[in-house]
Amino acid sequence: MLELNNLSCGYGVFHAVGDLSLSLQPGTITGLLGANGAGKSSTLMCIAGHVTLQGGSIRFDGHDISTLPPHERVKRGIAISPEGRRLFKDLTVEDNLRVGGLIQPASHFAKDRDYVIGLFPRLGERLTSLAGNLSGGEQQMLAIGRALMTRPRLIMIDELSLGLMPKVIDLCYAALKQLQADGMTILLVEQNTERVLSVAQDVCVLESGRTVWQGKAADARNNHELTEAYLGLQ
Ligand code: ATP
């Protein structure tokens, strides 16, 4: 459903990512892995339309979306839960969800909010709290929930487990599996390689903006050179 063809992107004359080709199959989870500065966040932000595409193309559902502004990409079904979450900290949980849902008719709001609460019941207990007062885990749930309010078919999640307690990480990963069961396609950026390999079907490993490995997660697990050199696993 999403195809990156020789994608290069970056900032001014700086190429953060070069020549990345990646194809996401509908209903799958793809892990985008790599060390700090490898270009993972830049890739997600380029797909969302927030970082400049310097070469190549992005196709979604067979259409070239490379030049579409970010809000048009959201309308077509691409949502992002960005690095740092970027919540509206002075708004309540419910209003953060409402902002995410602005792209949909107002009549969808209650149903979509309840879907998010079904996924993350904790958010249902904090609807009137300010987003800035939430714990890190709750903020992560809200960032994902806000993205889901756009009714995406592809959700991109940056650094899902960063800074979260193992119990909360379990909860977020359980939610991912639920989303996949509901038909969502997921592109996941993570530094927690073991977690990604436990849920993803496909994996792409970046180093300094270049693809060093791409394939099935099961093959990545069995590739000792890869797991030791790039994925930090023994
Ligand atoms: P991390 O996990 O540390 O966020 P990453 O794999 O997501 O790493 P990016 O954040 O995409 O990597 O960064 C890729 C490269 O682009 C890095 O060299 C980084 O310094 C550079 N970069 C990122 N954001 C900007 C920016 N706004 N302006 C200029 N360079 C940037």
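The values are calculated or read from the model by the stated rules, or taken from the named source; none is laboratory data. It should be emphasised that the depicted structure is a prediction, and the values quoted were computed from it without experimental measurement. Neighbour counts run over all protein chains shown; Cβ positions are idealised from the backbone, glycine included. Side chains are part of the model used for accessible areas, which takes the heavy atoms of the whole protein and leaves out ligands, DNA and RNA. Shrake-Rupley method; radii C 1.70, N 1.55, O 1.52, S 1.80 Å.
Annotations for the structure displayed:
- Of the residues making up segment 24-41, those that are near the ligand (Cβ under 8 Å from one of its atoms), farther than 11 Å from I157 by Cα and open to solvent by less than 20 Å² (accessible area, probe 1.4 Å) are G34, A38, G39.
- So L44, is it open to solvent by less than 60 Å² (accessible area, probe 1.4 Å) and away from the ligand (no atom under 13 Å from the Cβ): no
- Helices (runs of 4 or more DSSP H) enclosed by segment 142-230 - at least 1 residues per element that are within 16 Å of the ligand (Cβ to nearest atom): 193-199
- Residues that are touching a residue at least 40 places away in the same chain (Cβ under 8 Å) and of a type in the set (D, E) were ranked within segment 158-197; the one that is nearest to K111 (Cα to Cα) is D158.
- Of everything in segment 105-131 that is at pLDDT below 95 and out of contact with any helix residue (DSSP H, G or I) (no Cβ under 7 Å at 6 or more places or on another chain), the residue that is least open to solvent (accessible area, probe 1.4 Å) is P105.
- Residue among L4, L53, L68 that is away from the ligand (no atom under 13 Å from the Cβ) and in contact with a Leu (Cβ under 6 Å, 6 or more places away or on another chain): L4
- Selected residue (criterion: surrounded by the fewest Cβ atoms within 10 Å (Cβ to Cβ)) from residues of segment 68-104 that are within 18 Å of R153 (Cβ to Cβ) and of a type in the set (G, A, S): G77
- Residue that is surrounded by the fewest Cβ atoms within 10 Å (Cβ to Cβ), among those in segment 179-202 that are under 14 Å from I144 (Cβ atoms) and within 15 Å of the chain's Cα centre (by Cα): Q180
- Residues that are open to solvent by 30 Å² or more (accessible area, probe 1.4 Å), small (G, A, S) and touching a residue at least 40 places away in the same chain (Cβ under 8 Å) within segment 132-157 comprise just one, G132.
- Single unsatisfied condition, H50 versus (1) open to solvent by 40 Å² or more (accessible area, probe 1.4 Å); (2) more than 18 Å from L154 (Cβ to Cβ): (2)
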